[in-house]
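The values are calculated or read from the model by the stated rules, or taken from the named source; none is laboratory data. If you're wondering where the values come from, they're calculated on a predicted model, not measured in any experiment. FYI the Cβ positions are ideal-geometry reconstructions off the backbone, even for glycines, and counts take in every protein chain you see. With ligands, DNA and RNA removed, areas are computed over all heavy atoms of the protein, side chains included. Shrake-Rupley method; radii C 1.70, N 1.55, O 1.52, S 1.80 Å.
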Amino acid sequence: MIILGIETSCDETALALIETRGVATDTALPECRIIASLIHSQAELHSPYGGVFPTLAKREHGKNIVPLFHRLLEEWKADSDAENLKHVRISDDKFKETIEPFRAELEGQNPELFESFQAAEFLKDRPDIDRIAVTEGPGLEPALWVGINFARMLGQLWNIPIIPIDHMEGHIVGSLIDSELPQGKWQEPKELPIPSIALLISGGHTELIKVSTIGSYEIIGKTKDDAVGEAFDKSARLLGLPYPGGPQISKLAESAEDGGIVPTIKLPRPMMNSRDLDFSFSGLKTAVLYAVRSNSLPDGKITERFRKEMTLEFEMAVTETLDTKLRAAIEEHSASSVIIGGGVAANVRLRKAFTITAQEYGIPLFMPGRNVSGDNALMIALAATCKSQTPSRSLKAHGTKSLSSRHASRGNLGEQF
Ligand code: KG4
Ligand code: ZN
């Protein structure tokens, strides 16, 4: 089966194609190979705003998704095993007839998407794709709609069923394969020993999830305020570093450590000793704010040494907090494995800490490669392999949850998904 994955929940336009053999079980994904996976990041564009600007994200997704899809199909053509690329030609009349109903809906809302779809001649050649998997949430609503509408138009034009995917489930499932294998190579994903504990750490979420089987999840702990990635981004901003702040803090903290800097300022480890599995990161950010204020020079600037010291201490505080809660969750739920997912999983200090933890408990660790820890469409396509083979619901124009802001939407999916 060939599955197209679409992800536009935040500031990455991402598309991927995978091929699978067989079906997923409760504890393993099917045999699969990555045909192609492309990500177009808008991070630089949003950088001056210090965060993601939703309307700009929508416009950019709308402008870029069709050209990116063209590139994806070109990569598929270059793939050695391109036998599936038997094109069926769509007539001009059928093309027009299918997309015309979308005109009224999209012309005001996302004209960039409609115009580029309408002008894309290559869409008249239908390749052999069996399923379209698209992120339906959580995420920024205007951004999500671009992916959803692209999926709807393509699904209708090529008569392909659509499978709506939860972004957070994508982050879980995306960690279960070896993304570093060469493109096109078949792999049999490892069995997931269950129950498993998943720690999802991203710009919008910090959650501990008990995974009873692939597809059955229970949130057992979450942040009461800011997500950990958000704390990285906001603290970086306070320290005068550009968005996205996570990689910037990471880099500086590493150089601080290499330079033998030992932090003299102690930041709090919020809720580390609370009995539950919840987190809180807004206090940490406030502590960074106060430290910056009291260590600023008369001209309001901070020294490079202070900045480095703060990044190192910040990373140590976050690592200690996350790792302590992860250990508590493993013990409380007698976990047989650990899954880490989300953009913050690219952080080297955290990766080292989680590796040691899993080793100490003698359980396997499923962690995404650093290249796929951030948002991507590969994880969305993979998540579709564990959904029913006959999609039960199709996406309607305004049928998904109301998602209003990065925080509200990314933080409040509900207790179960
Ligand atoms: O999963 P993701 O790509 O998007 C969301 O679903 O939010 O995560 C993005 C977050 C951002 O907050 C970014 O600063 C953070 O991941 N991040 C990092 C690192 N790389 C990305 N945080 C810490 N260290 C990193 N190396
Ligand atoms: Zn994400």
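Summary table
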item	result
Per residue accessible area of the chain, 1.4 Å probe, in Å²	41 Å²
Percent of alpha-carbon pairs separated by more than 16 Å within region 302-346	55 percent
Given charges at Cβ of Lys, Arg, Asp, Glu: the chain dipole, positive-most of Pro193, Phe69, Met367	Met367
Pairs of alpha carbons in the chain whose separation is greater than 28 Å (percent)	48 percent
Share of carbon and sulfur in the accessible heavy-atom surface of the chain [1.4 Å probe, %]	50 percent
With Cα atoms, 0 to 90° folded angle of helix 304-332 axis to the chain main axis	70 degrees
Principal semi-axes in Å for region 228-348 [√(5λ), Cα gyration tensor, largest first]	28, 15, 13
Pairs from Lys58/Lys210; Lys190/Lys387; Lys185/Lys352 whose Cα-Cα separation, in the structure shown, is over 25 Å	Lys58/Lys210; Lys185/Lys352
Reachable lysines, given that their alpha-carbon falls under 26 Å from the alpha-carbon of Lys301 and they are not under 8 places away in the same chain	Lys234, Lys251, Lys266, Lys285
Region 1-111: radius of gyration over Cα atoms, expressed as a fraction of 2.2 N^0.38 Å	1.31
Antiparallel DSSP beta bridges within the chain, percent to nearest 5	65 percent
Degrees, to the nearest 10: 92-109 long Cα axis against longest axis of the chain	40 degrees
Size descriptor, Kirkwood hydrodynamic radius, that averages inverse alpha-carbon separations across region 32-174, Å	16.3 Å
The chain - charge dipole about Cα centre, Lys and Arg +1 at Cβ, Asp and Glu -1, debye rounded to 20	680 debye
Per-q log10 I(q)/I(0), region 170-221, q = 0.20, 0.23, 0.30, 0.32 Å⁻¹ (Debye; single scatterer per alpha-carbon; no solvent)	-0.77, -0.91, -1.21, -1.31
Residue (of Ile6, Gly22, Thr321) at the positive-pole extreme of the chain, dipole from beta-carbon charges	Thr321
Simple spin-label estimate for Leu181 and Glu360 in nanometres, 7 Å along Cα-Cβ	3.3 nm
Potential lengthening between Asp93 and Glu254 on full extension [0.36 nm per residue; Cα-Cα distance subtracted]	52.1 nm
Helix 54-78 axis, angle to the chain major axis (alpha carbon atoms, nearest 10°)	60 degrees
Taking all pairs of distinct alpha-carbon atoms in region 91-245, Kirkwood radius in angstrom	18.9 Å
Gain upon complete extension [His70, Val262; 0.36 nm per residue less C-alpha separation]	64.1 nm
Kirkwood Rh (inverse of mean 1/r, distinct Cα pairs), region 157-294, angstrom	18.0 Å
